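Asker: Let me give you the structure first, and then I'll get to my questions.
The values are calculated or read from the model by the stated rules, or taken from the named source; none is laboratory data. Just so we're clear, the structure is a prediction, and the values are computed from it rather than from any experiment. Using ideal geometry, Cβ is built from the backbone for each residue, glycine included, and neighbour counts are taken over all protein chains shown.
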């Protein structure tokens with residue numbers, strides 16, 4: 001599998017995970033600090049099973065990690081994985097550069113056409 005294929009697969013997983021507004025809300029909450037699953041469910045207004053499904057998707061996409069507290073192994077704490085969205089940022093920057101080049105070329109073409117008239 002080439003570099004592009006791996007990158008697209010990772011990008012697809014990230015975009016799929018972030019496509020859901022409730023998962024984006026979880027990411028926003030985790031930007032502040034790590035949180036227990038129960039706290040995330042309460043703050044997002046979701047049932048524990050629904051939150052569990054969202055957290056599984058975020059874990060499988062590589063955006064969040066799970067740890068257990070030392071006091072109670074049943075309590076799962078989630079946090080964002082540093083740098084986990086770097087490939088998304090890179091893709092967005094490259095896409096923006098492509099569009100900027102295309103628009104600059106189009107602008108140059110229009111100005112050249114105007115001068116000919």
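Asker: Does residue 67 count as touching a strand residue (DSSP E or B) at 6+ places or on another chain (Cβ under 7 Å), loosely packed, with under 12 Cβ neighbours inside 10 Å and more than 12 Å from residue 14 (Cβ to Cβ)?
Answerer: Numbers: touching a strand residue (DSSP E or B) at 6+ places or on another chain (Cβ under 7 Å): yes; loosely packed, with under 12 Cβ neighbours inside 10 Å: yes; more than 12 Å from residue 14 (Cβ to Cβ): yes.
The answer is yes for residue 67.
Asker: Hey, could you check region 62-96 for residues that are over 20 Å from the mean Cα position of the chain (by Cα) and outside any strand (DSSP E or B) and say which is modelled with the highest pLDDT?
Answerer: Step by step, filter region 62-96, then rank; the result is 75.
Asker: Starting from region 2-19, take each residue that is at pLDDT 90 or above and list its partners that are in a helix (DSSP H, G or I), counting only C-beta distances under 6 angstrom and pairs at least six apart or across chains.
Answerer: 14/88; 17/23; 17/57; 17/58; 18/24
Asker: Sticking with this one: If you scan region 51-76, which residues turn out to be touching a residue at least 12 places away in the same chain (Cβ under 8 Å) and within 14 Å of residue 38 (Cβ to Cβ)?
Answerer: 51, 52, 54, 55, 66, 69, 75, 76
Asker: Using the structure shown, decide if residue 54 is farther than 17 Å from residue 89 by Cβ and at pLDDT 95 or above.
Answerer: Criteria met by residue 54.
Asker: Checking the conditions here, which among 46, 40 is crowded, with 17+ Cβ neighbours inside 10 Å, modelled with pLDDT of 90 or more and in a loop (DSSP other than H, G, I, E, B)?
Answerer: Working: 40 fails: in a loop (DSSP other than H, G, I, E, B).
Answer to the check: 46.
Asker: Also, I was wondering about something else. Quick one: would you say residue 12 is out of contact with any helix residue (DSSP H, G or I) (no Cβ under 8 Å at 6 or more places or on another chain) and either under 19 Å from residue 92 (Cβ atoms) or in a strand (DSSP E or B) (or both)?
Answerer: yes
Asker: On to the next question. Scan 62, 45 and give me the residue that is more than 19 Å from residue 12 (Cβ to Cβ) and in the same structural domain as residue 18 (by TED's automatic domain parsing). First the steps, then the outcome.
Answerer: Details: 62 fails: more than 19 Å from residue 12 (Cβ to Cβ).
Exactly one residue qualifies, and that residue is 45.
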